[in-house]
Structure formats: C-alpha cells, structure tokens
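Only one structure is covered here, and it is reproduced in the block below.
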Amino acid sequence: QKEVEQNSGPLSVPEGAIASLNCTYSDRGSQSFFWYRQYSGKSPELIMFIYSNGDKEDGRFTAQLNKASQYVSLLIRDSQPSDSATYLCAVNQGYQKVTFGTGTKLQVIP
Amino acid sequence: DTGVSQDPRHKITKRGQNVTFRCDPISEHNRLYWYRQTLGQGPEFLTYFQNEAQLEKSRLLSDRFSAERPKGSFSTLEIQRTEQGDSAMYLCASSLDTGNEKLFFGSGTQLSVL
C-alpha cells in the first residue's frame, strides 16, 4: 500500500464548476496535510495546508480532513482554465518527512 | 529574490560520470529537503537536513548518492557513477522549523544521463 494515494486523473471539469480532488494516506500518526499545485515544467507550489479535522477555506479553495477515514480532499470552486495543473497531496508523517502522492492532473475546460 | 535557488537548471552527463548539484535555501529556513521527481510521478523523498545534521535518508537511496549541508546553509547533492535510471528532476525545498513543514521548492535541476 502506498503511503499517500491519489487518482492520477485526468480530472476534467467545465469552467465555473467545482473540482474535487481526493487523497488517502496510510500512516495514522500523520499530523499535517498539504496540497501543492504543479504546473507542467514547474516546481510544486504550496496552496493549502490543514492540521485538524474539518474544513479549511482560503478563497476558492477548501481543504477537508477526516483523520478517522485517513482522507484529505481539496475543493476548487468556480474552476478556471488557469487552475489546470497537477495537484499533489502531501503528508507529514510526524517525523518531519513529507511524503507526496503521485498527483492528480486537473483539466478545466473553457 | 530570496526564494530557494538551485544550480544548475539542467545537467547532461554520460553514464558513469559524477555530478553535483547545489541548493541555496531561503535564508532563515533551517530545514532543507532533497526530492527526486520523474515524469508522471510525485516528488520522491531522498533526504533532509535540520541545520547541518542529516536526519533522515531514504532507504531507497543507493550509496552512490550523498548529500551535505556544511554550516547549515547551502546543500550539495552528489551522484557518483551515474546511471540512466538517475535521469530525473532533482528538487530542493526548505522550511522553517515550526513543526508544520510547509515546503518551499526551488526550480529544480533536470538531470539527463546518456
């Protein structure tokens, strides 16, 4: 079982719709959770982080965490073509090592 | 610009040669990470430093790979006797020691082994 799992996609959504990206993790001791956005040919950029169960909102982005289910999600409201990128879920497993999933490719169709 | 800086941006080498990459973290960051990323995959953890101490090294990392961070500032990653399978993007990231591990990445070094 991979430590951090994501559906590789591509996930295609029309412009203006809500994009929902999901991630599961295997280590119950994981303490903090991150979403990075990576445009093609560029390095990852942190867009959201969450530490506690529940939702955290920042502009059009909402991160959701359910530690009991070992599940993290990212919602992007009013998706724009500029949101088209690969979204990486990352987990801090409690000893400072940050493990990444393989990423989900998002395509926003104009 | 005070972001994470990596050098070189691209490196082409022949199989069997040694290569060395450099990373300069954000100045106030005391943690520094090295990752490797291949096409279609997420970044794969290689190693990380807290100041000058190398605290963890991936068990997937062969003995041909070595990293240093003298004086807790810049870091170097050396690959000896390169193999074609080493071809990848090598990413450096840094973070503040606040326990929440927000990583800031450099632009990476793209290695091609011929």
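Scanning segment A:60-71 for residues that are crowded, with 16+ Cβ neighbours inside 10 Å, under 13 Å from A:Tyr25 (Cβ atoms) and either without any contact (Cβ under 8 Å) to a residue 24 or more places away in the chain or within 14 Å of chain B (Cβ to nearest Cβ) (or both) yields a single hit, A:Leu65. Does segment B:16-25 contain at least one residue that is more than 10 Å from every other protein chain (Cβ to nearest Cβ), of a type in the set (Lys, Arg), closer than 20 Å to A:Phe100 by Cβ and in contact with a strand residue (DSSP E or B) (Cβ under 7 Å, 6 or more places away or on another chain)? No; the residues of segment B:16-25 include none that is more than 10 Å from every other protein chain (Cβ to nearest Cβ), of a type in the set (Lys, Arg), closer than 20 Å to A:Phe100 by Cβ and in contact with a strand residue (DSSP E or B) (Cβ under 7 Å, 6 or more places away or on another chain). Residues that are on the phi < 0 side of the Ramachandran plot and surrounded by fewer than 19 Cβ atoms within 10 Å (Cβ to Cβ) were ranked within segment A:84-101; the one that is nearest to the other protein chains (Cβ to nearest Cβ) is A:Lys97. Could you go through segment B:48-56 and let me know if any residue there is within 14 Å of chain A (Cβ to nearest Cβ) and touching a residue at least 24 places away in the same chain (Cβ under 8 Å). Among the residues of segment B:48-56, at least one is within 14 Å of chain A (Cβ to nearest Cβ) and touching a residue at least 24 places away in the same chain (Cβ under 8 Å), which makes the answer yes.
Listed here are the residues, each with its yes/no results for (1) closer than 15 Å to B:Tyr90 by Cα; (2) of a type outside the set (A, V, I, L, M, F, W, C).
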residue	(1), (2)
B:Tyr35	yes, yes
B:Gly42	yes, yes
B:Gln50	no, yes
B:Gln54	no, yes
B:Ser58	yes, yes
B:Leu61	yes, no
B:Ala67	yes, no
B:Lys71	no, yes
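Exactly one residue among B:Pro25, B:Pro8, B:Pro70 is out of contact with any Lys or Arg (no Cβ under 7 Å at 6 or more places or on another chain), over 25 Å from A:Glu5 (Cα atoms) and surrounded by 16 or more Cβ atoms within 10 Å (Cβ to Cβ), and that residue is B:Pro25. For segment B:67-114, the candidate set comprises residues that are within 13 Å of the chain's Cα centre (by Cα) and of a type in the set (S, T, N, Q); within that set, the residue that is farthest from the other protein chains (Cβ to nearest Cβ) is B:Thr76.
Just so you know, all these numbers are worked out from the coordinates, no wet-lab data involved. In this text, all values refer to a predicted model and were calculated from it rather than measured experimentally. Every residue, glycine among them, receives a Cβ derived from its backbone with ideal geometry; neighbour counts consider all protein chains shown.
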